[in-house]
1. Only one of A:GLU381, A:GLU371 is part of a helix (DSSP H, G or I), out of contact with any strand residue (DSSP E or B) (no Cβ under 8 Å at 6 or more places or on another chain) and free of Cβ contacts under 8 Å to residues at least 40 places away in the same chain. Can you tell me which?
2. Name the one entry in A:ILE64, A:ILE41 that is more than 20 Å from A:SER193 (Cβ to Cβ) and buried (at least 24 other Cβ atoms within 10 Å of the Cβ).
3. With respect to A:ILE74, is the statement that it is surrounded by fewer than 23 Cβ atoms within 10 Å (Cβ to Cβ), within 14 Å of A:LEU291 (Cβ to Cβ) and of a type in the set (A, V, I, L, M, F, W, C) true?
4. For residues that are crowded, with 17+ Cβ neighbours inside 10 Å and within 15 Å of A:GLU292 (Cβ to Cβ), tally how many sit in the stretch A:77-93.
5. Considering (1) without any contact (Cβ under 8 Å) to a residue 60 or more places away in the chain; (2) open to solvent by 50 Å² or more (accessible area, probe 1.4 Å); (3) not assigned by TED's automatic domain parsing to the domain that holds A:ALA63, say which one A:GLY321 fails and leave the rest.
6. If a residue counts only when it is more than 14 Å from chain B (Cβ to nearest Cβ) and among the basic types (Lys, Arg), which strands (runs of 3 or more DSSP E) contained entirely in the stretch A:45-139 have at least 2 such residues?
7. Does the stretch A:185-194 include one or more residues that are farther than 16 Å from A:GLU14 by Cβ, in a strand (DSSP E or B) and open to solvent by 20 Å² or more (accessible area, probe 1.4 Å)?
8. Mind checking which helices (runs of 4 or more DSSP H) fall wholly inside the stretch B:1-87 and carry at least 2 residues that are more than 24 Å from the chain's Cα centre (by Cα) and surrounded by 10 or more Cβ atoms within 10 Å (Cβ to Cβ)?
Amino acid sequence: MSNRAKFETVIGLEVHVELNTKTKIFCSCKNEFGAEPNTYICPNCLGLPGSLPVFNGEVLHHAIKAGLALGCSIAQKSKFDRKNYYYPDLPKAYQISQFDMPIAVNGRIDIVFRDGQKKRIGITRLHMEEDAGKLIHLTATGQIADAQQSLVDYNRGGVPLAEIVSEPDMRTPEEAYLYLTTIKSIMKYINVSDCNMEEGSLRCDANVSIRPWGQEKFGTKVEIKNMNSFKNVQKALEYEVDRQTRMTESGEAIVQETRLWDTAKGKTFSMRSKEGSHDYRYFPEPDLPPLEISNSYIETIAKELPELPLAKAERFVAEYGIPAYDAGVLTADLATARWYEKAAKLSGEPKQCSNWIMGDMMAKMNEAGIEEISDTKITPENLSGMIKLIKDGTISGKIAKQVFEEMFANGGDAAKIVKDKGLVQITDAGAIEKAVEAVIAANAKAVDEIKGGKVNGIGFLVGQVMKQTGGKANPQMVNELLRKKISG
Amino acid sequence: MVITRKDVEYIAHLSRLEITEQEAEQYTKELSDILEHINRLSKLNTDNVEPTYFTMDMKNVTRSDVVKPSIDKQKVFVAAPSIENNGFKVPKII
C-alpha cells in the first residue's frame with residue numbers, strides 16, 4: 001500500500017457467527033436459513049407482549065466451545081443484558097445481548113502468512129446474543145439509498161449469535177483477511193457454525209484507523225459495515241486505508257463514523273446515522289436468570305475439542321514433510337485435511353499426495369466450481385492408487401495426468417483406467433529402441449546439432465519419441481537411449 | 001434537580017415517545033426524585049454485598065434444543081398494517 005511509508009494501519013474486527021443449533025436462542029422456533037419469509041416465528045421472536053425468553057442450553061455449549069477454541073478464559077459468572085435501540089428488524093426494540101459479563105474473554109489466535117510466518121491476534125471477548133430479522137429494501141433503482149419501503153423477515157430474528165471481538169492487532173487488510181479465514185476455519189472444525197459469508201452466517205464489521213509510525217495513540221477510527229465476502233473485507237479495508245491516507249495527507253480530519261461498503265462501486269460511503277442512536281442504555285435482562293458455569297462443564301466441553309487447524313498443519317509439516325504453506329491450505333477445511341491424510345497414509349507418499357491436491361486437484365475443482373474435495377468423484381483410495389502406479393513405474397507422470405483427468409471426470413480406480421485405456425508405460429527396451437531409431441532417422445539435422453554441442457536439443461528428441469509412443473514410453477529410458485545412440 | 005428537561009426530551013426521543021410540555025415538566029421532577037433516591041442508596045456501604053443481577057434466587061435456566069412448531073404467519077399478518085411477499089412492510093428506515 002502507498003501509505004506504508006508514512007502511516008501505520010490499525011484494524012480490529014467484530015465477527016458475528018450464527019450458531020448452528022436446531023432452534024433459536026430464546027424460543028423453540030427452527031433455526032434455518034432460506035425458508036419463505038416469516039415461516040419460523042412465534043410470539044417470543046416477534047416480541048409480542050407477555051412472551052418470555054427461555055435460554056437454549058445448546059447455545060451456551062457452542063459459545064463455550066468456541067471460546068475455548070479461541071484460547072479464551074470462560075467466565076464463571078455470566079448474564080444477559082438488554083441493548084436498547086429502535087429498528088424494524090428488532091421487534092422488541094431491544095436486543096438481548098451480553099454487556100459487561102460476556103461468556104468468554106482474553107483469547108488469541110495465530111494467523112499464518114504465505115511464507116509460514118505467524119502472528120498472534122488477541123481476542124478481547126466472545127459473547128452470546130440474538131440475531132435481528134432481515135430487511136429487504138424495496139427500491140426501483142437498485143440503490144439502497146433510494147429505497148422507500150422495506151420488507152421485514154423475522155426468520156433470522158432470535159437466531160443465536162456469537163460475537164467475537166478482536167484486539168486492534170491487525171496492521172494490514174491482508175492480516176484482517178487471514179484472521180477472518182482462520183476464525184471461519186476454527187468455527188467449522190469445532191462444528192458450531194457453517195460460517196457462510198454469502199448466506200450471512202458469518203458477518204464482519206471492521207474498525208480502521210491510521211496513525212503516523214511511532215505514535216502510540218490510535219487515530220480516529222471508522223467503522224466499516226456491509227462487507228459480504230472474505231475478499232470484499234480485504235478490498236473494503238484497502239479502499240478505506242487509502243481514503244484515510246489521502247485525507248490525512250491533504251490535511252483533512254478523519255470523522256468518526258460508520259461507512260458502508262458498496263461492492264459494485266468498490267467504495268465505502270458514509271452512513272449518516274441519527275444523533276444518539278448509539279446510546280444503547282444497557283441494563284441486566286430481568287427475564288433471564290444469570291449463568292454460573294462449573295469447571296466440570298467447561299472441562300467436558302474442552303474434551304470435545306478436536307485437533308485445531310494450526311496444530312494439524314504443524315503436525316502435517318512434521319509428520320509428512322510438506323511445506324508449511326501447503327499444510328495450511330490442506331488443513332483450512334477439515335474435510336480436505338481428512339481426505340489428504342487418508343490418501344497420504346494409503347499411498348505412503350505424503351508429499352506426492354500434497355502435490356497432486358495442491359496442483360491438479362485444486363485447479364480442476366476451481367474450473368468445475370467445486371468447493372469441497374469430498375464433492376469430487378475422486379476418493380483418497382483413487383489418488384493413492386494412482387500414485388502407487390507412478391511409483392512402481394506402471395505409468396509415467398505425464399500419463400498420470402491423463403489418468404487423473406479421467407478420475408476427476410468419471411471417478412474410478414486408477415489401475416482399471418490404465419488397463420482399459422492401454423496407458424501402461426512402455427519399459428520394453430526393444431520397443432523404445434525402435435522408436436528412438438525412427439526419431440533419430442527423421443531428425444538428422446537436430447542430431448547433427450546435438451553432436452555439434454547443442455546439448456539441450458536432446459529434449460526436443462525426447463519429446464518426439466514420447467509423441468510417437470503416445471506418451472507411454474518411460475522418459476528416463478528414452479533419454480538414456482537417445483544419448484547413447486547419438487554419442488555412439 | 002438531578003436531571004434536566006433536556007435529558008427527559010432526549011430519553012423520550014430515544015424511546016420514540018411524544019410527550020407534551022406538561023408531561024416533560026412532570027417527568028423531569030419524577031425522574032429526578034427517583035434518581036435522588038438512588039443517590040441516597042449509593043451512599044450505603046455495600047463493600048460486603050454481592051452485586052444483584054437478578055432479583056430471584058434462580059440460575060442456569062435452560063431448555064433443550066428441540067424444535068417446536070412455529071405459529072401460522074397468516075395469524076400474525078392479519079394484525080400487521082401492511083404485508084407484501086410474506087414480509088412486514090415498513091417505511092424507509094435508512
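1. Details: A:GLU371 fails: part of a helix (DSSP H, G or I).
Result of the check over A:GLU381, A:GLU371: A:GLU381.
2. Numbers: A:ILE64 fails: more than 20 Å from A:SER193 (Cβ to Cβ).
Criteria check complete, one pass: A:ILE41.
3. Details: surrounded by fewer than 23 Cβ atoms within 10 Å (Cβ to Cβ): yes; within 14 Å of A:LEU291 (Cβ to Cβ): yes; of a type in the set (A, V, I, L, M, F, W, C): yes.
So A:ILE74 fits the description; yes.
4. Count: 3.
5. Result: A:GLY321 fails condition (2) only.
6. Numbers: elements: A:81-84, A:94-97, A:104-112, A:118-130, A:134-138.
Passing ranges, in order: A:118-130.
7. Keep residues of the stretch A:185-194 that are farther than 16 Å from A:GLU14 by Cβ, which gives A:185-186, A:188-192, A:194.
From what's left, in a strand (DSSP E or B): none.
So far as the stretch A:185-194 goes, no, none of its residues is farther than 16 Å from A:GLU14 by Cβ, in a strand (DSSP E or B) and open to solvent by 20 Å² or more (accessible area, probe 1.4 Å).
8. Working: elements: B:5-14, B:21-42, B:73-77.
Those helices (runs of 4 or more DSSP H) span B:73-77.
The values are calculated or read from the model by the stated rules, or taken from the named source; none is laboratory data. Everything numeric in this text was worked out from a predicted model, so none of it was measured. As a convention, Cβ positions derive from the backbone with ideal geometry for all residues, glycine included, and neighbour counts pool all protein chains shown. Protein only, heavy atoms only, side chains kept; ligands, DNA and RNA dropped before computing areas. Shrake-Rupley method; radii C 1.70, N 1.55, O 1.52, S 1.80 Å.
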